[in-house]
1. So, in the stretch A:46-80, exactly how many residues are among the hydrophobic types (A, V, I, L, M, F, W, C) and part of a loop (DSSP other than H, G, I, E, B)?
2. What is the number of the single condition among (1) in contact with a strand residue (DSSP E or B) (Cβ under 6 Å, 6 or more places away or on another chain); (2) surrounded by fewer than 16 Cβ atoms within 10 Å (Cβ to Cβ); (3) among the hydrophobic types (A, V, I, L, M, F, W, C) that A:Leu252 does not meet?
3. Which of the strands (runs of 3 or more DSSP E) contained wholly in the stretch B:300-368 include at least 1 residues that are farther than 15 Å from B:Glu143 by Cβ, within 14 Å of another protein chain (Cβ to nearest Cβ) and of a type in the set (Phe, Trp, Tyr)?
4. Mind checking which residues of the stretch B:82-106 are within 14 Å of chain A (Cβ to nearest Cβ) and touching a strand residue (DSSP E or B) at 6+ places or on another chain (Cβ under 6 Å)?
5. Between B:Lys192, B:Lys94, which is surrounded by fewer than 21 Cβ atoms within 10 Å (Cβ to Cβ), under 25 Å from B:Thr237 (Cβ atoms) and either among the acidic types (Asp, Glu) or without any contact (Cβ under 8 Å) to a residue 12 or more places away in the chain (or both)?
6. Give the residue that is farthest from B:Ser235 (Cα to Cα), with candidates limited to residues of the stretch B:248-291 that are in a strand (DSSP E or B), within 14 Å of another protein chain (Cβ to nearest Cβ) and of a type in the set (S, T, N, Q).
Amino acid sequence: MELTPSKRSFLSAVLFCLMPSWLLAKVQVVTTTEDLAALAREVGGNLVEVHSIAKGYQDPHFVDAKPSYLLKLKRADLFIQVGLELEVAWAPALLTNARNSKILPGNIGFLDASDGCEILQKVSGSVDRSMGDIHPLGNPHYWLDPSNGGRIAGNIAEKLSALDPKHTEDYKASLKHFESRLSKKEKEWDQAASKLQGIRAVTYHNSWPNFAQYFGIQVVNFIEPKPGVPPSTSHVQALTQQIKNGEIPILLVEPYFDIKLPRKIAQATGAKLLIFPPSVGAEPEIQTYFDLFDHNLRLLLNSLQEPPPQKP
Amino acid sequence: MSFKKYALWAALMLGFFSKTQAQTTAKSALQASNILNPNISVIGWFQGEAGHRQSGEEASSAFQFQEAEIALQSIVDPYARADFFVAVEPPEGKVDLEEGYLTWFNLPYGLALKAGKFKANFGKFNRVHRPETAFADRPLAHEAYFGEEGLASVGGSLSWHVPNPWLFVDLDAEVLTMPEADETPAFDTARKKDLLYLGRLSGYYDLTESANITLGGSYAHGSAGREFDQVNNSSSTLKSRLHGLDLTLRWKNPKRAIYKSVLWQTEVLWNQRELSSLSSITSAGLFFHLEYQFARRWRAGGRYDWTESPQDNSRHDQGGLLYLTFTPSEFSLISLQGKQVKRADGKKENLGFLKITFNIGPHGTHPF
C-alpha cells in the first residue's frame, strides 16, 4: 500500500509520540522559567532539549496551568523549578497531571534549583497573608545573583550526570566552561558595579534583593505596598514624597507590570523609570544568562550618564 | 561549695537539660508530623439575596451563609493522592461529603485511575465547586438536569491522555452509582445497584500564545426509573441518555496576565429519556457565559440560559445573569449580580445577589 505524504507524516508523528523518551537521543528538560532553561542549555549543550513553561516576559507567579504544557512534561526526563513557592500556584497541578512519575518531587527527574543557593529574606516567626504574597522560605528571585547562577548550573550538571551517566564528563566540561566564562563576566560586572555602589532605587515588586546585594544597590521601597498587593493611593502619595525627599534616582519596573502608575510617579518625582527585566527572554536581545546581566547593567549605567529629567 | 550544693546544682542542671531536650524532641516530632499533614483549606461563601422567586422554591433569607467548603488534600503514597471536600451548608442544615477520592496518577501509558465520590467529568462546568463558580447561582440547564449540587456520585474513573503531537486530548470513562432523581433529575434509580456510565473526550489547543480553545463532548447513559406492567406483573428499566457539548475560549496576554483576560464558555445538553416502553422525550438546555477582566481586580460578565425540563419539552425557562466582581486578592471576592428568569408559566423572576467568598489555606488548583 502506497502512503500519501500526509498519511506518512501522521504515522511518523504518532510513532514519535508512542516512542519511549529514552529512545530519543537528547535528554528532555522542562524548566519553569527561561532563566533555568538558559542555564540548562549552558550545561547540557547539544545533549539536551530544553523547554521553558513561563516566558521571560511573563510574571512567574501567575502562569495558567495549560494542558498544552502537559504534553512537554509527559515526555520530560528532567523538570527543574525555581522553588521557594514561586511556582506554587501552577507547577504542582501540572506535575500531578502530567502522568510522568519520573519528574515528581523526590524522584530522579525532579530538581529544585535553589538547593545550595544563597537565599535572602527567609521569614522567621509567624507568617500570614496579611503580609501579602510572602514567600516564607525566602525570596525566590535568587537567580539574579551571578554567584547563585553558578550554583544552579552546578545543580543541573549533577542532575544531568545522574540521568545520563555516559555523558558525565561532557556535562562536567560544559559546567567548567560556563564557570570560567561566568568568572570572567563577574570581573567585568564588578567593574561596572563600582559605579552603582550605594545607589538608591525603588522597584515595583520585591524581585531584586539578590541583584541589589551583588551590585551594591539599595532598594529603599516598592510600588507594591506588600508583595502582590496593588498600590493604594495613600501608598503612592507616601512613596512619591519619599522619592522626592530621599532623592532616589531610579524606579525599576518589571516588564509585566502596567507602566502607567510608575510613569506618573517618575514624572512627579524626576526619578528615571527603567523597564528592568528579571528574566532571560524578557527582551529579544536577552538570550542567555550573561545577556540578562549585560542588559540590566547597561540600562542602569546609561541612566546614570543621562542628565536627570527636570523636576516638575 | 559543699558537696550538697554541688549535688543540688548538678541535679538542677540535669533537670533543665533533660526538660529542654524533651521539649526539643517533642517540638521536632510535632514539626515532623505537621510536614505530613494534608493541605487544609476552607472557602467561606456568604450571600445576600433580594427579590422574589416564582418557581415554587422556598424563599431565601436576605442574608445566608451558603456554604463552608473544607478541603483536605495530600499525597497518600508514591502512587496516589487523595482529595476530600466537605461542604457545610447552614441553610440546609447539612454536612455533606461533596467529594472524597483517591487518584492513582502513577500508572503507565498516560492513564490515571480515580475511585471514590467525585463530581462527574461531564462538560466543563459540572466539576467546579459551587463557591468557586463566577455565579451566585447555577445555570438553569445545570439545575434542570443535574440539580443544585451538580452531577456527583460514588464510583470509578479511568482517564487517558491520548498521545499525539498536536493537541492535548483526554479521554475519560466513568462508572458511578446511579444518583437519585431528586439529586439529578436527568436520571432516576430503577434498582439499587443501577450504574451510570459516562464518557468524555476533550481536546485543548493553543490558538496563539494568548488564546486557547477547549472543545469537549460528553455522554452519560443510565436509568430513568422503572415501568410496572400490572397485567404481566413485571417491571422494566427505562433509559435516559444525556449528551453534552462544551466550548471554552480563553484569551489572556501573558505579558499583561494579571490585568486583562476574556473567557467564553458554552455548554449544550440534550437528553433522550424513555417515559414508558412506548414513548420517549427529547429535551435540551444550554448556557453561554462571557467574562471580561478589565482591570487587575475587576471582572464583568454575563450568562444567558435556556432550558427545557428532562420530563417536559413543551415549555422552557430562559433568563440571564449579569455580574460585576471585585477581587481584593486571589483569596477573596465580592460580586454584585442581577438575574432575570422567565419561567415556563410566563412568570418573571428578578433577583439580586451579593456573593462574597473568602479562602484560607492552600486550596488546590482546579482543572484548567
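1. Going residue by residue through the stretch A:46-80, those that are among the hydrophobic types (A, V, I, L, M, F, W, C) are A:47-48, A:50, A:53-54, A:62-63, A:65, A:70-71, A:73, A:76, A:78-80.
With the extra rule that they be part of a loop (DSSP other than H, G, I, E, B), the set shrinks to A:53-54, A:62-63, A:65, A:76.
Number satisfying all stated conditions: 6.
2. (2)
3. Working: elements: B:312-329, B:332-342, B:348-360.
Here the list reads B:312-329, B:348-360.
4. As a first pass, look at the stretch B:82-106 and keep what is within 14 Å of chain A (Cβ to nearest Cβ): B:82-83, B:101-106.
The answer is B:Ala82, B:Asp83, B:Tyr101, B:Leu102, B:Thr103, B:Trp104, B:Phe105.
5. Numbers: B:Lys94 fails: under 25 Å from B:Thr237 (Cβ atoms).
Going through B:Lys192, B:Lys94 in turn, the sole match is B:Lys192.
6. In the first step, residues of the stretch B:248-291 are kept if they are in a strand (DSSP E or B); the result is B:248-251, B:261-274, B:280-291.
Filter again for within 14 Å of another protein chain (Cβ to nearest Cβ), leaving B:248-251, B:261-263.
Then keep just the ones that are of a type in the set (S, T, N, Q); that gives B:248, B:261.
Details: B:Thr248: 42, B:Ser261: 54 Å.
Checked the stretch B:248-291; the qualifying residue farthest from B:Ser235 (Cα to Cα) is B:Ser261.
One line per residue, one yes/no per condition, for (1) over 15 Å from A:Pro146 (Cβ atoms); (2) within 14 Å of another protein chain (Cβ to nearest Cβ); (3) more than 20 Å from the chain's Cα centre (by Cα); (4) acidic (Asp, Glu):
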position: A:Glu186; (1), (2), (3), (4): no, no, no, yes
position: A:Gly198; (1), (2), (3), (4): yes, no, yes, no
position: A:Asn206; (1), (2), (3), (4): yes, no, no, no
position: A:Tyr214; (1), (2), (3), (4): no, no, no, no
position: A:Ile217; (1), (2), (3), (4): no, no, no, no
position: A:Asn221; (1), (2), (3), (4): yes, no, yes, no
position: A:Glu224; (1), (2), (3), (4): yes, yes, no, yes
position: A:Pro230; (1), (2), (3), (4): yes, yes, yes, no
position: A:Ser234; (1), (2), (3), (4): yes, no, yes, no
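Condition check ((1) more than 30 Å from B:Ala224 (Cα to Cα); (2) within 14 Å of chain A (Cβ to nearest Cβ); (3) not acidic (Asp, Glu)) across all residues:
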| site | (1), (2), (3) |
| --- | --- |
| B:Val76 | yes, yes, yes |
| B:Tyr109 | yes, yes, yes |
| B:Phe135 | no, no, yes |
| B:Asp170 | no, yes, no |
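The values are calculated or read from the model by the stated rules, or taken from the named source; none is laboratory data. What you are looking at is a predicted structure, and each value in this text was computed from that prediction instead of being measured. FYI the Cβ positions are ideal-geometry reconstructions off the backbone, even for glycines, and counts take in every protein chain you see.
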